[in-house]
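Input: a single structure, listed below in structure tokens.
Only the coordinates and a few stated rules stand behind these numbers; no lab work does. Small disclaimer: the values here were computed from a predicted structure and weren't measured. Counting neighbours? That spans all protein chains shown, and the Cβs are built from the backbone with ideal geometry, glycine included.
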Amino acid sequence: MRRMLVGFALGIVWLQQRTALPSMLFICAVLCAFACTCLLSFYVPRSRNTCLIVAAFIVGFTYAAWRADARLQYTLPVAFENRNIELTGFVRGLPLEGEDGTRFLFEVESNETEIANFPRVVQLSWMAVDASRRGLAAAPPPPLWAGQRWTLVARLKRPQGNANFRGGDAEAALLARNIRATGYVSMPESARRLSTDARGFALTIDRWRARLRERVLAALVGAPHRGIVVALAVGAQDVVSDADWALLRATGTSHLVAISGLHIGFVAGLAASIGGWLWRRLRWRGMPLPLIVSAQKAAAATAAAFAAFYAALAGFNVPAQRSMWMLCFVALAVLSGRRPASSLVLAWALALVLLLDPWAVTAAGFWLSFCAVSAILFAIASRGRRASVGIADEPAESGRDEDLIPDIAHGQPRARRLWRDRIVDAIHRSSARSRSWLKRAARSVGRRIAASARVQYAITIGLAPLTAYWFFQIPLLGPLANAFAIPWVSFLATPTVLIAVLLPAPFDGFAYRAAHSLLTLMCDVLAHMSGPQWTLWRLPQPDAFAMTAAAFGVAWALAPPGWPLRFAAPLTWLPLVFPPSHAPQGGAFRVTALDIGQGSSVVVETARHTLLFDAGPGPESTRAGERLVVPYLFAHGLFTLDTLMISHSDSDHSGGAPAVLESIRVRQFVASLRPHETLWQTAREKGSDSLRCVAGQRWQWDGVVFDVLWPRAGPLATKPNATSCVLKITSAAGRSALLAADIESDVERQLLQQDPALLRADVLIVPHHGSKTSSSEPFLDAVAPRVAVFQVGYRNRFNHPNPTVFERYRLRHIELSRSDEDGAARMEVSADVSIERFRQTHARYWMGR
């Protein structure tokens, strides 16, 4: 059964790696293969196990394909994007309130377009600034709760996420949540709340979670770690501060923020203890309840019920689902009088999680949760035989007190001897019992410490490759930090939060504040532990070969004692720890235009140096510098920048620079900014050499020449675009790339007047995102690019690139790439020029749908 369940899961995993959904012809062929497999297993008994695994794999693949096809049927037609559409429906989930508005899920019941397969669930933003744009007084959005019915006008677009090499897949996350369109409330003044609210079990849970969140936030106004208390109470992580996230990730304790299997297991165990204790003391018509149903079965049912309740409170995230299904399966086995193997319980939980959500395999939480439990079970199974032998070989303690009392000398008077015998007997009995109790206590504590150490070792070893893959780092203090934080959160903070959830107001406030005090102490200790930089080991994202080798190494290291060559297991981690270099050859360079939405950020790599040209938007917009640019650099092992060049002060180019300076070592900061700009001070505080960007600057890295063509020396112009840095990069073979930032036609004319030959380049990062004020025909004729890249946001409000300008490029037969269609573009420039588009080389069936 275990093999079949794993085969079912592997079929689902394979489907999620496909570039397109299988056709009907392919599905028919798969069903024929399934039938043949079943027949083969019937007529050839020896191959039955293999045939059943293959059949389960086919079932999983076909099931995932059916679910995906059914979900993708609901889509927003391209013709209706960015159009005002009146929607009627109700609010779902937990609306996220921010400083500038509220983001929420909206389940559509009807729409004015009358499209049959209109998206059922859309993600909307209700911005406070929308009213002020229409000349009205700016007002915050109304309070939104799950179940509220509204009729509102929204502008939608198809689900689109940033697509970068080795980056997260936002479109897969939207598909997993069944969000088939995103947008904003375009006419908030016309929104009307309907009198009747939607009902249902899920909406009731959401409303309860929202009320609990409000109670926590009201009790902890201004508290620095209140987001962690909210996360422990209702599983919502949107209030956790960036500082707390950074601290938890650096110490490997971020799993404690979510209501995970650890917390659900603790709640279930506590519920089982209380339920069993009460059951033993209750009667039904004079008969003790344990005579009707055993206390063990009652405790198991209570544990499963509370696990389901707490998982619902957490929003049914994957770790919570995994723990809930395992507890429910164990409870069912106890009620039926069975004792299933732990691996079978885990396999059933795996199959049930994927049965409900086939897209769970695209999330980090799925792999971290199941691999952690698998590592623990494998480590326990590996030491099971030795542990049992060790316990059996311990010398048995005699239960007779007479064996512990030495002989008493004879020859003394009987009365005196009896009196002394009693005293000596009492002393020896007391001493023997004390020694025996201390020995048992010491052995028990030692066994518990050893078991905890083995579990922590198994988790650390098992999750290290996954942590490097998903987060590009391994917290070296993770085992020590978890050894302190896990008991602290499990036995102190979480019970206090649960008590606060059960208490009525205003008494709950005292418990919430007590929980916050406990978490404050924990965070202070973790901050002290994570002070030195060596505590966090950063690694580039490993490839498939490194992950496969590391997986074998994990199994090898956790194998039973006596397994051959266990000391050699760390050798399998060498591809993970020391990955091969993918840097360009000497004299060549690589240009990667990142997909960061409406903005610009370009990474230039030579054999031993790296330059980042612009850093994308910052907190004032999409936080692309923090969300996309820094993770991209970490994923590629670029932990040091030789130069960070900020072309000008527009926020879509410079907004992400503080995040880069905060996270990555920058040797030199070059920018075209006014002296009063705060970025200069930030760069100096981080130890970077500061230099203004001026035409005529020239340097060489690894045989590649860098030339700054603009701006001229002197005072900066009032308009930032007019003083944008223009950088030309030339390989040893004479091929070049031109990074034109946001220059417009007037600057283009001045560059042409200086020396048109300097502008000629094979690769052009299109100036000003392809706006109508740039890319003049004389400029394009002078540059004569072979490849041109437009860095634009999907359905951006500026309508970049301008259709006329885009046609101007197309008529010159230039190979074009748009970040809103192709994702990130990577150009290898050496003796020739090649381009790689992310959405072509890393396509998945949900992209663009």
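Between the range 50-127 and the range 745-802, what is the separation of their alpha carbon centroids in Å? The range 50-127 and the range 745-802 have Cα centres separated by 38 Å. How about the chain: what cysteines have no other cysteine beta carbon under 4.7 Å from their own? Unpaired cysteines in the chain: 28, 32, 36, 38, 51, 328, 371, 523. Calculation over all alpha carbon pairs of the range 142-220 in 5 angstrom steps from 0 returns a P(r) of 3, 12, 13, 15, 19, 19, 12, 5, 1, 0 percent.
Which helices, taking whole DSSP H runs in the chain, have alpha carbons extending 24 angstrom or more along the helix axis plus mean Kyte-Doolittle at least -0.5? It would help to have the intermediate numbers written out before the result.
Working: long enough: 24-43 (29 Å, 2.34); 48-72 (36 Å, 0.78); 201-219 (27 Å, -0.05); 261-279 (26 Å, 1.32); 295-313 (27 Å, 1.14); 318-335 (25 Å, 1.51); 364-392 (41 Å, 1.18); 414-471 (81 Å, -0.29); 507-529 (34 Å, 0.76).
Going by DSSP H runs, the hits are 24-43, 48-72, 201-219, 261-279, 295-313, 318-335, 364-392, 414-471, 507-529.
Within 14 Å, Cβ to Cβ, of residue 364, how many net charges do the neighbouring residues add up to if Lys/Arg are +1 and Asp/Glu are -1? Let's see the in-between values first.
Details: positive: 166, 249, 322; negative: 169.
So the environment of residue 364 carries a net charge of +2.
Considering only DSSP beta bridges where both residues belong to the chain, give the percentage that are antiparallel (nearest 5). Walk me through the numbers before you get to the answer.
Numbers: 64 of 92 bridges.
So the antiparallel bridges in the chain amount to around 70 percent.
Could you give the Stokes-Einstein D for the range 2-72 in µm² per second, using the C-alpha Kirkwood radius, 20 °C, 1.002 mPa s?
Details: Rh = 12.4 Å.
Answer from the Stokes-Einstein relation: 173 µm²/s.
Shown here for the range 592-640: GluC sites (Glu not before Pro) in loop regions (DSSP other than H, G, I, E, B) with at most 16 other Cβ atoms within 10 Å, namely 620.
Starting from the Kirkwood Rh over alpha-carbon pairs, what translational D in µm² s⁻¹ does the range 563-698 have by Stokes-Einstein at 25 °C and 0.890 mPa s? Diffusion coefficient, whole number: 153 µm²/s. Residues in the range 715-759, backbone N under 19 Å from the label point at residue 811 (7 Å along the Cα-to-beta-carbon vector): list them, ranges by number please. Zone members listed by number: 745. Whole-percent P(r), the range 691-849, all Cα pairs, 10 Å bins from 0: 10, 38, 36, 14, 2, 0. The helix-only estimate of mean residue ellipticity at 222 nm for the chain, built from DSSP H runs of length n ≥ 4 each weighted as -39500 (n - 2.57), is -14500 deg cm²/dmol after division by the residue total. Note that the range 589-839, at 37 °C in a medium of 0.692 mPa s, gets a Stokes-Einstein diffusion coefficient of 185 µm²/s from its Kirkwood radius over C-alpha pairs. The Cα-based radius of gyration and maximum Cα-Cα distance (Dmax) for the chain are 32.4, 128 Å. Both radii are taken from the alpha-carbon atoms of the range 78-198; with Rh as the Kirkwood radius, Rg/Rh is 0.97. Taking every alpha-carbon pair within the range 260-340, the share separated by more than 15 Å comes to 55 percent.
Sorted on the mean count of surrounding Cβ atoms within 10 Å across their residues, most packed first, peptides 182-193, 593-604, 262-273 read 593-604, 262-273, 182-193.
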